[in-house]
Amino acid sequence: MFKALSQLAKTVKPFVTDLFRTPLSELRERAHAQAEIDGRPKVFFAPIYVSNECDAGCWYCGFAKGSDITRYTLTIEETEAEVAYLKREGYDAVYILTGSTPAGSIQEKESMTERNARGLRAVARAGLFPIMESSPFTLENFQELLEAVDGRGRYVLFQEVYDQTIYRKNHSPRDPFKGDPEARLQQMDLALRAGWKELGIGVLGLNPDQETELAYQCAHQYYLRDAGAELVTISVPRMNPATGVKTQRRCSDEDFFRGAYTLRILCPESPLVITGRETPEIRNQLWPVTEIWGVKGATEPGGYVTRRAPQDGQFSLVDRRTIAEIIRDNS
Ligand code: SF4
């Protein structure tokens, strides 16, 4: 699959380069004009980390195996309490996340699939839109998970970085799943085959060659749409500090804006996702071109009401405004 994606990315790259070298003010105007044509409403979401137990060792993540944090998995009651809190706060959608614990690893008492399924069920039962962001799953797992939400939900999985050399440098080949970039790419195909029609992709900014990564993101989006996805969201994160993580690569603010504007123009059918990793000032500037907004999210299990693993988030958030404050600041 990676070969097909690379071919497609090569054809997209000149368009990315052209936009990336356009003066920023002109690029912004074009992106704003495109967003106005698209006219999509804003969607506000928060994550619920059902568990921070993880067998993988991604160096950039606070949940990596061996990281000195409190490990915890929410019970069904605690998950429901977290969902009820987000419902009361006026959120539209909830991301359900867990660490990567494939069968036979540290958690034998409950499979990763069941752990995710009970989170998704709780979100769907509360009338919020369920989004799942964990891996790896088999075709059967994906089918079971889609059944848990009665066929209505979204599967999100960041490739993290499309450059395979950089990918391998950042992930240990000893990791049961995460070490293989091709296997990670295949997760989207499996999800599609299982019937997940809404998907989400993203990268972490590990590759200094931002234009190439943008070309891959566009290509991946086109590829998935051709393969039958009805919607493909694209996340635009930059990494923030996390427990136990010393070094992280972050592109400049200007390149960050360029990336978001370029995606808005080249992938008009894809809603862009932005989280509270960015400052209020930067988020306000990107308000016109981004549709899916992470708000005040807790990045540790039980971060809203259960409070089991305080201070041990997957990464830190900067924008702590409420939904009402964000709307007020952008009206
Ligand atoms: S990024 Fe995901 S798989 Fe990697 S250590 Fe963090 S939680 Fe585990």
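The values are calculated or read from the model by the stated rules, or taken from the named source; none is laboratory data. Since we're looking at a predicted model, the values are computed, not measured. Counting neighbours? That spans all protein chains shown, and the Cβs are built from the backbone with ideal geometry, glycine included. For the accessible areas, the whole protein counts, side chains as well, though only heavy atoms, and no ligand, DNA or RNA atoms are used. Shrake-Rupley method; radii C 1.70, N 1.55, O 1.52, S 1.80 Å.
Could you tell me whether any residue of segment 112-120 is in contact with a Gly (Cβ under 8 Å, 6 or more places away or on another chain), in contact (Cβ under 8 Å) with a residue 60 or more places away in the chain and within 16 Å of the ligand (Cβ to nearest atom)? No - not one qualifying residue is present in segment 112-120.
Within this structure, Thr79 fails the test of being without any contact (Cβ under 8 Å) to a residue 24 or more places away in the chain and polar (S, T, N, Q). The listed residues are Gln187, Gln285, and the only one of them that is over 26 Å from Gly153 (Cβ atoms) and among the polar types (S, T, N, Q) turns out to be Gln285.
Determine if segment 149-162 includes at least one residue that is surrounded by fewer than 21 Cβ atoms within 10 Å (Cβ to Cβ), within 17 Å of the chain's Cα centre (by Cα), modelled with pLDDT of 90 or more and not in a loop (DSSP other than H, G, I, E, B). Scanning segment 149-162, I find no residue that is surrounded by fewer than 21 Cβ atoms within 10 Å (Cβ to Cβ), within 17 Å of the chain's Cα centre (by Cα), modelled with pLDDT of 90 or more and not in a loop (DSSP other than H, G, I, E, B), so the answer is no.
In segment 183-194, how many are charged (D, E, K, R) and within 16 Å of the ligand (Cβ to nearest atom)? Final tally of qualifying residues: 1. Looking across segment 112-148, the residues that are out of contact with any Leu (no Cβ under 7 Å at 6 or more places or on another chain), among the small types (Gly, Ala, Ser) and open to solvent by less than 20 Å² (accessible area, probe 1.4 Å) come down to Gly119, Ala122.
Is it true that some residue in segment 62-81 is under 30 Å from Ala215 (Cα atoms) and of a type outside the set (A, V, I, L, M, F, W, C)? Checking segment 62-81: at least one residue is under 30 Å from Ala215 (Cα atoms) and of a type outside the set (A, V, I, L, M, F, W, C).
Condition (residue is closer than 30 Å to Leu128 by Cβ and either open to solvent by 50 Å² or more (accessible area, probe 1.4 Å) or at pLDDT below 95 (or both)) applied to segment 16-32: is it met by at least one residue? Checked against the condition, which is being closer than 30 Å to Leu128 by Cβ and either open to solvent by 50 Å² or more (accessible area, probe 1.4 Å) or at pLDDT below 95 (or both), segment 16-32 yields at least one hit. A Cβ distance below 9 Å, combined with a sequence gap of six or more or placement on separate chains, defines the contacts here; from segment 281-292, residues that are assigned to a loop (DSSP other than H, G, I, E, B) reach residues that are polar (S, T, N, Q) in the pairs Glu291/Thr233. Tell me yes or no: at least one residue of segment 84-93 is closer than 21 Å to Leu231 by Cα, part of a loop (DSSP other than H, G, I, E, B), modelled with pLDDT of 95 or more and not acidic (Asp, Glu). Scanning segment 84-93 turns up at least one residue that is closer than 21 Å to Leu231 by Cα, part of a loop (DSSP other than H, G, I, E, B), modelled with pLDDT of 95 or more and not acidic (Asp, Glu). Every condition in (1) surrounded by fewer than 18 Cβ atoms within 10 Å (Cβ to Cβ); (2) over 24 Å from Gly294 (Cβ atoms) holds for Glu89 except the one numbered (2).
Here the condition is being within 16 Å of the ligand (Cβ to nearest atom), surrounded by fewer than 19 Cβ atoms within 10 Å (Cβ to Cβ) and without any contact (Cβ under 8 Å) to a residue 40 or more places away in the chain; of Lys197, Lys169, it holds for Lys169 alone.
Applying a threshold of 6 Å to beta carbon distances and a minimum spacing of six or more residues, or different chains, the list of pairs starting in segment 16-36 at a residue that is within 17 Å of Asp255 (Cβ to Cβ) and ending at one that is among the small types (Gly, Ala, Ser) reads Val16/Ala215. For segment 41-63, the criterion of being in a helix (DSSP H, G or I), in contact with a strand residue (DSSP E or B) (Cβ under 9 Å, 6 or more places away or on another chain) and more than 16 Å from the ligand (Cβ to nearest atom) is met by no residue. In this structure, is Glu211 outside any loop (DSSP other than H, G, I, E, B), under 23 Å from Glu278 (Cα atoms) and away from the ligand (no atom under 14 Å from the Cβ)? Yes: the conditions hold for Glu211. Of all residues in segment 71-84, those satisfying the criterion of being away from the ligand (no atom under 16 Å from the Cβ) and surrounded by 18 or more Cβ atoms within 10 Å (Cβ to Cβ) are Glu78, Thr79, Glu80, Glu82, Val83.
Yes or no, residue by residue, for (1) basic (Lys, Arg); (2) touching a strand residue (DSSP E or B) at 6+ places or on another chain (Cβ under 6 Å):
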| residue | (1), (2) |
| --- | --- |
| Phe158 | no, yes |
| Asp163 | no, no |
| Ser172 | no, no |
| Asp175 | no, no |
| Ala191 | no, yes |
| Lys197 | yes, no |
| Gly205 | no, no |
| Pro208 | no, no |
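The set of residues in segment 166-213 being more than 16 Å from the chain's Cα centre (by Cα) and among the β-branched types (Val, Ile, Thr) consists of Ile166, Thr212. Every condition in (1) out of contact with any helix residue (DSSP H, G or I) (no Cβ under 7 Å at 6 or more places or on another chain); (2) open to solvent by less than 60 Å² (accessible area, probe 1.4 Å); (3) within 16 Å of the ligand (Cβ to nearest atom) holds for Asp68 except the one numbered (2).
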